[in-house]
Each structure stands twice: as structure tokens, then as C-alpha cells.
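Enquirer: My questions all concern the structure below.
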Amino acid sequence: MKLLYKKSITILGILVLAGGILAALFIGGAYLYLSPRLPNIETLKDVQLQVPLRVYAKSGELIAEFGEMKRTPLKYAEFPQHLINAVLAAEDDRFFEHPGVDYQGILRAVVHLIRTGKKGQGGSTITMQVARNFFLSREKTYLRKLNEIFLAFKIEELLTKEDILALYLNKIYLGKRAYGFSAATQVYYGKEIHDLSVAEYAMVAGLPKAPSSYNPINNPQRALIRRNYVLGRMRTLDYIDEEVYQAALNSADLATVHGQDIELEAPYIAEMVRTEMVARYGSVAYTGGYSVYTTINAARQQSANNALRNALLGYDRRHGYRGHLGFFDLDADEKINTEAMAAAEALQAEIGENSVVTKAEVKELGEFEVWRKELNKISTFGNLIPSLVFQVNDKEAYAYTAENKIVYLPWEHIEWARTYVDDNTVEAKLTSAHQRLKEGDIIYTVPSAKPGCSWLAQKPTVNGALVSLSPEDGAVEALSGGFNYFESKFNRAIQALRQPGSSFKPFIYTAALDKGYTPASIIADAPVVFDAPGLEDTWRPENYSGKFYGDTRLRLALIKSRNLVSIRLLRDIGIGYAIRYIKRFGFTRKMLPRNLSLALGSGSLTPYDLATGYTVFANGGYRVKPYFIDYVVGAKDKIVFMEQPEQVCRACRKAETYPDNNERKEGIKQKDESLQNKKVKETTPASLPDLSESFLSLMDESEQLQVTQGPVQLKLAKQLLSPQTAFLINTMMQDVIRQGTGRRALAIGRKDLAGKTGTTNDQRDAWFTGFNADLATIAWVGFDNPRPLGDRETGARAALPMWIDYMREALDGVKEKELEQPPGLVSVRIDPKTGLLANATTKDAIFEFFLADQVPTEQSDSVEGEQMDIPAEVSPADITEDIF
């Protein structure tokens, strides 16, 4: 018996030895066969993880994130120890001990196969998972497992344990489009990776096993079981003590899906960046880890958002109320009371038994939970918040909002809501809040500037845009393309081709100044009829008021936005010349119709185009090109692109960059002949100075030195206007605000503002285009499908309030810059009626600027002068409603 036993042992030993030898030979052969076919793991030294495109404001506030994979790669030292411990406890507690393959785990897998005949989990280590995630598929085959093992050995030879673990922590998929643990902590808990509790670390550490099955959003019960298992492993391995373990085990999990923590609302500019990045880099833009830093000023962008929405809501309030969103019966049956009590009990459990909150208060909180559930069925719209009216008094109301707040609606925030009839008609004034609201109404509210108060509101049917550029280099400081991007992605700032109306007139007037006209030139404001087939058979243009004012100086005509003067002026200087001249402001020929309606802004352009043109006025005559991407950082934190904009350099003036002397002189001659033929009164300009001379002679020595100093060679913006022309048109547009259609802007309390209102036929478009030396800003209001805005909805009424609200905040704390009079200009006393030199008896004489050689030589024989119907100085208290 003993002999038989010994023989059996011997045979078994031989078999084991033979099996071992065969296994070794098999493994060696497999390695020799598979090794040449294994992927090159050297790529792991310089791995490029797929990281989404992120867009930031100039000062670093996150605007948007684009890409299917949410990932924020970190270095090993940046991962918190509790997370590392939780992952090791869940996935591979012997990670820092084994050589990449855990033989104990493989043995368990073999035993499982022998017992069940089925392939099990296979004892994959973290290193093997790295091999699989970077190089192999997830199919469960013996060949893949062998490849995984061999790759694990190679990886361990190539990289340190810390590097391997960092790759795993950054690469692994954790559900809900989250790749890597840094992204997962944001997605599930809305927190930075260092801010989680031990229980939350255990929850995310349990996800790699099955990101869908153990997901706390999809399957909270299974996820909780998995979390508790990980916590138990952490306790067994002494990663946490008993007290921490028990506290974590008993804590409730509060995981919900969180979006990226957007810090600045600028979705229209974000989409512009996305489009540009895809055009440059293709689909890699979404995965290459690019961080795009824009030119957007965060504070000004927020001001732009608020100003646009306030202006559109203001328009909407002038045109009546179209009804509430729905109704919720506050005196409902037992179902609602039951829901309220269930919510109240849940709240009581969360608050705790020792809370000082009374049962009645908790029941009330439970009712609020029911209300909030109802309100959550309605989406917010821009800054409009779904709200439930629960109390209405004679002259006030109270509402509960989807943001879990109680808001007060005073009478002055309700009384506007007369019933809408059409764009020009509303029903009779309200006398009580009960006429509009009742308890249970579901409405929109919007916070008021009045502390603690909100407006009754509704979705505006009108829309708008605001563009604000830096005149010095064209940087986009702020841009808003509509009220609510998430309902309409149509970017009106860059896509809405609209007629600019009278806001285009300054370009016509500038062209005239550069052809020999002066601000005192006289043009007849009188009826005119044109036979123009391209503009219908007969065209009888009129002023907005329908009146005619006779001979009018150019400055006054721009101040008052006189249409007939602008038309005659364009006819005098010539359409061809005007188009050639105006194209240099950045407009294309397609935008500029070749007929006299151009004088009234009948072309089609976007707010972005118009803002670009106005930067020339704001910076003293230089052409800058707008840009919105400042620089782009690649995946390795290296700058891969930096914009080099053309910048204004006043010490670098060159006379050849604006209309040459001969064209101006020829313009004077043509103008004189034209005026004589039409018998229009006009001052006779003398010869102009030779503008071909270098303006460097006008600068002091220090200015000239600045051009050549400094480590970087600037790209210089081209000068389009002479300093004299730029000064003249700037003062004319300053007077639009001081004395004319833009005088509401005086409420800002600054003296360095200039601009022009714009209103198209039937008030289909309302504009205000204005600037100072620091900002050129365009505000536009109109319907997406063009139709009249309604009676009196002009640029001064519909668009100017948006511009005022924005510029007041955007320029807060910015020092005023006085407009400097350049050499070659003089100021003389003239008769405001004739534009000629004033004599000793001229009443109401005014001062006007002229080029030194264009000063009138003839004295006026008028003794009455012209009585200005708008005072030269207007205080904010004097401002009345503007209808021009």
C-alpha cells in the first residue's frame, strides 16, 4: 500500500513537473509568438488623453466645454490619498507589491474555471487594466488575456507604479460620459476632487467594475451596496479607522448629475469659438485638450447679458401681457396633501428630530416641495424663472419660484400687464392685481433692481443683439446674440443681416467731409422726388416727423437725423465715390446698394459688421479687425496659437493711408459745381493743405521714439481718416448725444460719449451705435422674421436703453478721455442759419470747427440767426421721451 502511495506521489510529481515544463514552454512559445505583435508601449510615455475643448473668458472664467468625453487629467501627486486608497481597495490592493500580474488573482480565476466551467473575472490588476484600456479590446478571450499579461509586464518595466496608477485614474470610464476620477467627482457630486467625503470616494472608486450597473444615478441601491463593500475593504486594509468607517457607512449618498460648473454665461461667443476651432483643427478640437482663452471681459459680458434682456423685457412690457403659463390648484384634493406630507416627512428626517423647526413649518416646506416639483416641469428661459402665485392682494402679489424662493411683486411691477391686442394696441389700464393674477397661476418672474422685488414677466417675442469692441485692437469685449441661446442658437450679432437705418449716416457724412464739405455746409431739407426703377417707380423720401426744415447745416442734420439732407448729400458726393470710400471701413460691396437709399441705411449688414465700422470713429480713424480668440493652450500647457491683432499706434501716422490730397481737391471742385447747379447756399471752401506730408512732424520727439522701442514689433492698424476728419465726425456724433436723438444717454453722466440712433422703415429695426475712446458698442432690437416693432419704437426708445445700461456698467471706473483737437483745425463763430461767419449783430451765433483753409470768408447778413430748439447743454432731468 505504501509502495503504491509512493508511486502515485511520484507519478503525480512527474505530471506536475511535466505540466509545469509544458506550461512554461507554452507561455514561452506564446510570448515568442505574440511579443512581436504586441503594441508599442513606448507611447505610454507620451500618452495623449482625450480631453474636451474648454472655452474661457480673458480672466479665466469657464464659459463652455465641448466634447463627448468629460476629462480633467491630473498628475499622480494631485490625486487625494483617500481616493487612491479607495481605488486600491476596490481594484488591486497588492498593486504596489506585484510585478504587474497578481498570481493569486490568476489562481482564483483558474479555480473558478475548473469549478464552474465558465470564465470569471480573471484577476486583472490595475496594470493589466491599463494595458487593456490603452491597447486591447474588452472581449473575454484567452488570447486577449495572454496579451494583457505580457503587456502588463512590459508596462511595469517601462513606467513607475505611480505613473501607471496616474494613467489608470485619468483614463478609466466611470459612466455619464465621465473619463477619469477628476471628471467623475464633478459629474456625480459637483465638487472638485479634493472636496469629497470618504463615502463619496468609495462610491466613485466602485464604478470601474461596472459603470452602468453600479452607477448611483441609474441604480442607487446597487451602487450603495458596492460603495459599502469598498468601505469594508478600506477598513480591512486599515486605510480608515472604525469611527470613519461607521460614519461613512451610515451616510446618505447625494449623487446627482452635475454639468460643468460654468462660471460665465456667454453661449454665443462659445459657439463662435467652437466653430473656429473645428475649422482649424477638425474633430481633434473636441478631444485634443485645447483651452481657448477669449478676449471676453467677464464683467462686461454679464452687463451685456443683463442689458439686452432688460431692454427686450422693457419692450415687451410696453406691448401688453399675453397670458400666464398654466394653473395649479392650491386647494387641491387629498393627493396633493398626501404628496406634501410625504415631502414634509422626508424634510423632517433630513432636518433631524432636534430641529427647532415646527411641524407646521415642516408641512409648509412639504407643500413647497410639491410646488417646486410642478414648477420643475417648466424650463427657465434666460433670466425668467417659473413661479407659482400663492397670494394676491389688491396692489401686490407673492409667488414661490423654481429656485425655492418667495418673491414679492409690487404693483408697479404688475400694472404694465394690460392685455395684448396687437403690436400697437393694449387694453385698458389695470386697477387691481386681481385683474391679472389669481392664486395658483404659474407665471414667469424676473428679479428687479428694487431689492426683494420681482417683475411679472413673459417670454419676449422680440429679440436683439449687443456687440462691444475695443477700438484699440478690435478685441471683442462682450457679445450677446439673443435673449436665450438654448431656445434659439441663431446668433443675431453675427448672423442677422439687417438694415442699419440712420445709424449708417455717419459713414456718408465722413465721406462728405473728406470731399471738401464742412460741418457748417448747408444742404436743403426740402421735398424731393426721384424716378428710380430700382426703388419702385417713384420714390418720395421723408423725414421721420414728416416735416421739412429748409436749409440745414450738416452738423444739425446729423444731430436731428434728417433723411432728406442725407439723400441730397449722397447725391452730391456721388454714389460711386461713397461706396468706394465706405468699403474701407470693413463693409463689402454686397452690403452697399448702389442707389440713393444707401443714405438711409438700406443695405444689409450684421451688428458685428456695424460695430467694426464704428471702431474707426472711436479710435480716431484707424481700421482694426475684430477678433475673439486671444490665445489657445494645447494639451501640454503650451501655447499653440496667439492672436497678433493690428493695433492703433497714433505715433505711427502715415498720410497715405487716407484719401489723398488730389481726390479731396477734386471733390471740392465737384461739390462747388453741383451746388451752383442746384442753387443751394454753401460756404466756399478754400484750398486744402497738402495732406501728403508726413504727420510725424506733428508729433513730439518722445512720441516718435516710442515707435521703435520695445521687444515686440507691433502690427499697425491702417489709418483711414486724417486726425482732422476723425475729430470732426466725432464731435458731430457727440452732439447727437448732447443735443439730438441720443440725448437719453446723458443719463450715464459722461461727456466723452458719441453715437447715432438708427430706425428703419416701419420701425422694423431699432439701433443705437455709440462709443467713446475705450469701447465701440452696438445695440440692436428687432423681430427674427422682420415686421414692424410698433408705433414710436425707434432706436432711441427700443435700442438706446440697452446701450445705456451696458455702457453705464462697462465704463464704471474708467476715466473720461477728452477729445483732443488736432493741429490744422480752428474754431470760429458762425451764423447757425447760414453757416457763414457771424457778424457783430448776429444773434445766437455758435462756434464751429473748420480746417484752417476751409474757414468761411464771407460774413452772414443775417441778424436773427437760428434759435436752437434743443439746448446745447441738457441735464438728465431735462430728458424727455425721444421719438426720432
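The values are calculated or read from the model by the stated rules, or taken from the named source; none is laboratory data. Bear in mind that the values here come from a model prediction, so they are computed numbers and not experimental data. Cβ: placed from backbone, ideal geometry, glycine included. Neighbour counts: every protein chain shown. Heads up: the accessible areas ignore ligands, DNA and RNA and are worked out on the full protein's heavy atoms, side chains in. Shrake-Rupley method; radii C 1.70, N 1.55, O 1.52, S 1.80 Å.
Enquirer: Whenever you get a sec, line up ILE406, ILE149 from highest to lowest accessible area (probe 1.4 Å, protein heavy atoms).
Expert: The ordering from most to least exposed comes out as ILE406, ILE149.
Enquirer: Residues with beta-carbon under 11 Å from that of PHE96, excluding PHE96: net charge, scoring Lys, Arg +1 and Asp, Glu -1?
Expert: Local charge sum for PHE96: -2.
Enquirer: Over region 794-854, average the accessible area per residue using a 1.4 Å probe and give it in Å², no decimals.
Expert: Averaged over the residues of region 794-854, the accessible area is 48 Å².
Enquirer: Among 389-397, 85-93, how do they line up by average Cβ neighbours within 10 Å per residue, starting with the highest?
Expert: Highest mean packing first, the order is 85-93, 389-397.
Enquirer: Set the Förster radius R0 to 45 Å, insert the Cβ-Cβ distance between ASP531 and LEU825 as r into 1/(1 + (r/R0)^6), and round the FRET efficiency to 0.05.
Expert: 0.65
Enquirer: Any number yet on Rg/Rh for region 221-333, C-alpha, Kirkwood?
Expert: Answer for region 221-333: 1.21.
Enquirer: If we sort 569-576, 220-227 on the protection proxy, mean other Cβ atoms within 10 Å, highest first, what's the order?
Expert: For the peptides 569-576, 220-227, the packing ranking is 569-576, 220-227.
Enquirer: How much accessible area does HIS194 have with a 1.4 Å probe, in Å² rounded to the nearest 10?
Expert: We get 120 Å² for HIS194.
Enquirer: Here's something else I'd like to know. Within region 148-200, what whole-number % of the accessible surface is contributed by carbon and sulfur, with the 1.4 Å probe and all protein chains included in the calculation?
Expert: 47 percent
Enquirer: Which FRET efficiency, nearest 0.05, do LYS450 and LYS815 yield, Cβ-Cβ r, R0 30 Å?
Expert: The formula returns an efficiency of 0.45 here.
Enquirer: Further question: Which order do the peptides 296-306, 58-68 take when ranked by the mean count of other beta-carbon atoms within 10 Å per residue, highest first?
Expert: Averaged packing, sorted descending, gives the order 296-306, 58-68.
Enquirer: Counting only residues 5 or more places away or on other chains, whose amide H sits under 5 Å from the amide H of TRP455 once H atoms are built in the peptide plane?
Expert: Placed amide hydrogens put VAL446, SER448 under 5 Å from TRP455.
Enquirer: Still on this structure, please answer the following. Could you sort ASP637, ASP253 by accessible area so the largest value comes first, with the probe set to 1.4 Å?
Expert: ASP637, ASP253
Enquirer: Moving to a separate point now. Can you tell me the alpha carbon radius of gyration of region 515-633 divided by the globular rule-of-thumb value 2.2 N^0.38 Å?
Expert: This ratio for region 515-633 stands at 1.23.
Enquirer: Follow-up question, since we're still on this one. Output the pairs from LYS459/LYS547; LYS176/LYS405; LYS405/LYS489; LYS715/LYS817; LYS191/LYS636 with a Cα-Cα distance over 32 Å in this structure; if there are none, say none.
Expert: Cα-Cα > 32 Å for LYS459/LYS547; rest within.
Enquirer: Tell me, in nm to one decimal, what length is gained between VAL257 and ASP422 on full extension, where the rule is 0.36 nm per residue of separation less the Cα-Cα distance?
Expert: 55.1 nm
Enquirer: How are the C-alpha pair distances of region 383-444 spread across 10 Å bins, as whole percents from the shortest bin up?
Expert: Pair shares across the bins are 23, 49, 25, 3.
Enquirer: Want the number for GLU242 to LYS191: 0.36 nm per residue separation, take away the alpha-carbon distance, what's left?
Expert: Length gained between GLU242 and LYS191: 15.8 nm.
Enquirer: Probe 1.4 Å, all protein chains in place: accessible area of LEU437 in Å², nearest 10?
Expert: 10 Å²
Enquirer: A further question on this structure: Count charges around ALA266 for me, please; just the other residues with Cβ under 15 Å from its Cβ, Lys/Arg as +1, Asp/Glu as -1.
Expert: That sum, taken over residues with Cβ under 15 Å, equals -2.
Enquirer: If I ignore ligands, DNA and RNA and count only protein heavy atoms, how much of TRP411 is accessible to a 1.4 Å probe, in Å² to the nearest 10?
Expert: About 40 Å², rounded to the nearest 10.
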